[in-house]
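To start, the structure itself, in structure tokens.
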Amino acid sequence: MARLPLARTPRTAAPHQPAPATHNPATRIHLGRVFKAESTSYFLLLGTTLFLVAFGLVMVLSSSSVDSYLENAGFFGTVLRQGGFAAVGVPLMLFVSRMPIKFWQRVAWPTLIIACLLQCLVVFTPLGITVAGNTNWLSLGGVQFQPSEAIKLALVIWLGLILSQKQDLLDDWRHVYIPVFGVGGGSIMLVLIGGDLGTVIIMAGILFGALFFAGVRLRMLAFPLLIGTVAGVLVAVSSSNRMTRILSFLNTGCDDHTGTISAACWQPLHGTWALANGAIFGVGLGNSKAKWSWLPAADNDYIFAIIGEELGLIGAIVVLGMFVLLAFAFLRIMRSSTSVQARVSTAAVMVWAIGQALVNIGVVLGVFPVLGVPLPLVSAGGTALLSTLIAIGIVLSFARAHPDPVGRVPGGTEQPAARPGPRRVSE
């Protein structure tokens with residue numbers, strides 16, 4: 001018997017069901033890179049810097065209010081100007097911190113050349129302005145600034161590039177002396193022609209600090225260090241203004257307080273008296289007596305004396321502690337860096353900021369003669385503040401490129417991060 005075919009019932013279309021959500025690892029990685037938290041070294045350096053800038057604005061207001069009023073700028077004239085530079089410098093620092101290492105490789109030479117050309121305008125043209133015996137200011141378009149600060153910044157970038165390219169040839173003196181002391185030393189010489197010996201000392205420290213942390217042997221640094229010391233002494237004794245400062249530092253004519261105080265002894269003596277007046281706990285914020293036209297450069301070179309007077313030994317120790325913390329952040333970033341350029345440039349900025357702070361504080365305490373260098377991030381001075389913030393922004397960019405060697409995993413536990421292999425300098 002034949003089998004009849006079964007009738008096929010029409011199959012109704014099933015309602016559309018949304019596809020199950022699938023995990024997209026590419027999306028997760030992309031979002032993780034965008035929203036990842038920066039390293040602890042990054043936030044340590046950034047937080048310490050912002051604290052010093054904010055603290056500096058408070059102390060600039062306190063130390064400059066009297067002189068600013070006498071100059072018909074109002075009580076807030078100086079601090080408003082300094083605050084304007086801080087309002088520009090902090091965002092600029094954060095913007096610079098987003099730049100990759102390749103960017104600093106490309107701009108190293110152009111930055112140094114432009115900075116040196118500006119310094120040539122200072123020392124070889126009538127555009128240079130002399131302040132306190134030093135020709136280190138340039139006036140262009142009604143804006144007055146110090147090109148020497150731009151040279152500091154350019155040296156930080158340029159030394160990182162050159163020493164990273166020469167990292168396998170640093171045992172050969174020709175690959176150290178010719179580029180570093182030829183080009184870098186020449187840029188420092190331009191500042192020395194203007195007579196700013198204090199800035200030259202800081203720039204020389206940047207140069208030697210970069211060479212030391214790059215791994216150059218000390219015996220190779222001994223000869224140029226000797227030559228630089230002799231040149232510095234000759235420049236110091238050739239100027240009557242500098243010799244007067246040196247003699248006042250040696251207490252020649254400053255040990256007799258019964259008669260009239262000479263001009264050379266006035267500033268260091270009143271700085272010491274301001275510190276002594278502060279004792280342990282200080283006289284209170286805003287209650288300084290030295291700022292009432294007794295202490296020259298109270299908001300600039302001698303702001304640490306006002307800090308010691310108003311906030312006492314406690315406040316002075318806090319400032320010292322913040323610079324120690326700043327140095328610790330630099331060292332952490334240097335330790336985590338796998339790029340020679342990042343490590344050398346970070347070392348140069350560390351020597352710049354910490355070395356200049358020690359020189360400034362040493363001058364106020366009477367350890368060094370008066371050199372005329374500001375306290376980084378704290379003293380009044382727009383060019384110095386901007387250059388320092390940009391330099392720290394460069395270090396922050398290295399901290400982003402090379403995170404801490406210890407990372408966090410989901411769940412809150414810590415585990416050692418995998419050590420990356422050797423990277424090329426161009427990374």
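For a test of the definition: using alpha carbon positions, the gyration tensor, and the 1.5 limit on a/c, classify the range 124-211 as rounded, prolate or oblate. Prolate.
Taking packing as the residue-averaged number of other Cβ atoms within 10 angstrom, the listed peptides 76-82, 66-72 run from highest to lowest as 76-82, 66-72. Nonpolar atom fraction for the range 231-347, defined as the carbon and sulfur part of the 1.4 Å probe accessible area, stands at 67 percent. Here His402 sits with roughly 10 square angstrom of accessible surface, probe radius 1.4 Å.
The residues Thr40, Thr260, sorted by heavy-atom accessible surface at 1.4 Å with ligands and nucleic acids left out, run Thr260, Thr40 from largest to smallest.
The values are calculated or read from the model by the stated rules, or taken from the named source; none is laboratory data. The shown structure was predicted, so the numbers you read here are calculated from the model rather than taken from an experiment. Using ideal geometry, Cβ is built from the backbone for each residue, glycine included, and neighbour counts are taken over all protein chains shown. For the accessible areas, the whole protein counts, side chains as well, though only heavy atoms, and no ligand, DNA or RNA atoms are used. Shrake-Rupley method; radii C 1.70, N 1.55, O 1.52, S 1.80 Å.
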